[in-house]
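Please treat every number below as a calculation from the coordinates, not as lab data. Since we're looking at a predicted model, the values are computed, not measured. Positions of Cβ are backbone-derived with ideal geometry, glycine not excepted, and every protein chain shown enters the neighbour counts.
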Amino acid sequence: MFTRIGTAALRSCFRQSFSRKFASTENLLVDLYRKEGALDTVTVSLALNDLRDGGIRKTDKRLLPLLERLVHAQENENGQMSAEEFEKLLNCTNLELAYKAFQKQLIIPDFQGFRAEVTDIFEGVRENREGNIATYIPDLAKVDPDLWAAAICSVDGQRLALGDSAKRFSVQSAGKCLNYAIALDSVSSDVVHKYIGLEQSGKEFNAITLNEEGRPHNPMINSGSLVLCSLLERGRSVSDKLDFVRSQYERLCGGESVGTNSSTYSSEKETGHRNYAIGHLLQDSGAFPADGPPLGEILDFYFHLCSIEITADTGAVIAATLANGGICPTTGEKVLSALAVRNTLSLMFSCGLYDYSGQWAFAVGLPAKSGVSGCILVVVPNKMGLCLMSPRLEEHGNSVRGIDFAKRLADKYNLHQFDLSGKDYKREIEEEAN
Ligand code: GLN
């Protein structure tokens, strides 16, 4: 189902064409869409259909001038364009991407087949109504429990959005992995891990407890995230810090605007007694930097970060940026260093789903991070990112449908990081049972 990331072969094959000294790649693509019986004309709808079927959106920024011109011809010029104009358009576009998209050589080559299979999984999981929504934050108690969204973005920017994928929700703890990655690059790993551990806590995400050294167990739970909030952008006001983090989120999701939900923020601030308690324990243990911000500011920043809103559709691009070593697939912008991403994925793998992390790593085998709004960011390294959102949670605070979906998807495509490619594990398990 996936082309090995070995587009390297393709790259070297076409390196010369990509240098634009040769017109051969453009010619080859023009030939694909020449109209039968009118060879100097191309049929625009065929080209647009191929892009759509391959998971490339009409709004894809990387191919925008080409796409806008094709859509215009489709809507106003009988779906025809001169072969000469098409060739010229290709000549000034991202030719490597266009070539791979038209020739079905993106990381998920049969995207239509993939879309159909994933939609089946999605609809199957919809039947799962187990679990309960989080009510301890009053604002979250108001959410429709039946919301269900799954969105995928491949490392080549192929997009799939199912269900309520345009609905905004607060990122909650799913953002902790992003705040951590941002801190690794802006503060440094050494400083971050002087104050925060690297081990699973084995306890609930908001446990009022620290490790034996009096530090948070890891940055993926509330205590660790609070300490992170004392390290990020030190010396700046809370609103400046928030602007900085939000601008990083915007880069991670390919330039979409990222806001916060003020009612979620107020709700958290008014009722977040556990977080105040954790904050006081941290302060009492000397777990914050000595010259750090006052506790009130740290908590305020933390509540703001929890109330940052994304959609499943944009969350998938964020996860895909992590899958792509920190380079956003839809813009090509390098947002995070590869090392920060590797470190983040390691901790997402071992600690991303609180005290369910071991079971998740066992069954799904992928780096992920959940939040109590019902969101799970899942990273399939070098292939794609997913954002799943369904508010009903299991006992540890993770989305029931999100876990169900991820398990089925990982099984279907052997996505577990320790799977041998091509091996039929299901059959082996059945044979063992008999
Ligand atoms: N805002 C939530 C809290 O602090 C975040 C926790 C979560 O998503 N698990 O309790």
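Structural remarks
- For region 52-99, filtered to residues that are among the basic types (Lys, Arg) and within 18 Å of Thr25 (Cβ to Cβ), the residue that is surrounded by the fewest Cβ atoms within 10 Å (Cβ to Cβ) is Lys88.
- Members of region 384-434 that are assigned to a loop (DSSP other than H, G, I, E, B), of a type outside the set (Ser, Thr, Tyr) and buried (at least 24 other Cβ atoms within 10 Å of the Cβ): Pro391, Asn398
- Index of the failed condition, Arg215 passing every other in (1) surrounded by fewer than 16 Cβ atoms within 10 Å (Cβ to Cβ); (2) over 24 Å from the mean Cα position of the chain (by Cα); (3) charged (D, E, K, R): (1)
- Tallying residues that are surrounded by fewer than 24 Cβ atoms within 10 Å (Cβ to Cβ), hydroxyl-bearing (Ser, Thr, Tyr) and within 27 Å of His217 (Cβ to Cβ) within region 318-360 yields 4.
- Members of region 389-406 found to be within 14 Å of the ligand (Cβ to nearest atom) and under 24 Å from Cys328 (Cα atoms), listed by number: Met389, Gly402
- If only residues of region 302-332 that are in contact with a Lys or Arg (Cβ under 7 Å, 6 or more places away or on another chain) and closer than 21 Å to Ser189 by Cβ are counted, the one that is farthest from the ligand (Cβ to nearest atom) is Ile327.
- Sole exception among (1) in a helix (DSSP H, G or I); (2) surrounded by fewer than 20 Cβ atoms within 10 Å (Cβ to Cβ) for Val125, by number: (2)
- Within region 261-277, the residues that satisfy the criterion of being buried (at least 17 other Cβ atoms within 10 Å of the Cβ) and either within 17 Å of Tyr180 (Cβ to Cβ) or touching a Phe, Trp or Tyr at 6+ places or on another chain (Cβ under 8 Å) (or both) are Tyr265, Glu268, Lys269, Gly272, Asn275.
- Residue count, region 135-194 (criterion: out of contact with any helix residue (DSSP H, G or I) (no Cβ under 6 Å at 6 or more places or on another chain) and among the β-branched types (Val, Ile, Thr)): 3
- One residue alone among Ala83, Ala73 is in contact with a Lys or Arg (Cβ under 7 Å, 6 or more places away or on another chain), over 23 Å from Thr330 (Cα atoms) and hydrophobic (A, V, I, L, M, F, W, C), and that residue is Ala83.
- Filtered residue count, region 269-318, keeping only those that are of a type in the set (A, V, I, L, M, F, W, C) and touching a strand residue (DSSP E or B) at 6+ places or on another chain (Cβ under 8 Å): 7
- In region 333-367, of all residues being more than 26 Å from Ser188 (Cβ to Cβ) and assigned to a loop (DSSP other than H, G, I, E, B), the one that is nearest to the ligand (Cβ to nearest atom) corresponds to Leu353.
- Within region 334-361, being within 14 Å of His396 (Cβ to Cβ) and either in contact with a Cys (Cβ under 6 Å, 6 or more places away or on another chain) or without any contact (Cβ under 8 Å) to a residue 40 or more places away in the chain (or both) holds for Ser357, Gln359, Ala361.
- Check on Cys177, buried (at least 24 other Cβ atoms within 10 Å of the Cβ), within 17 Å of the chain's Cα centre (by Cα) and away from the ligand (no atom under 16 Å from the Cβ): no
- Breaking point among (1) over 20 Å from Ala368 (Cα atoms); (2) within 18 Å of the chain's Cα centre (by Cα); (3) in a helix (DSSP H, G or I), for Ala116: (2)
- Selection status of Gly315, farther than 16 Å from Met220 by Cβ and in contact with a Cys (Cβ under 8 Å, 6 or more places away or on another chain): yes
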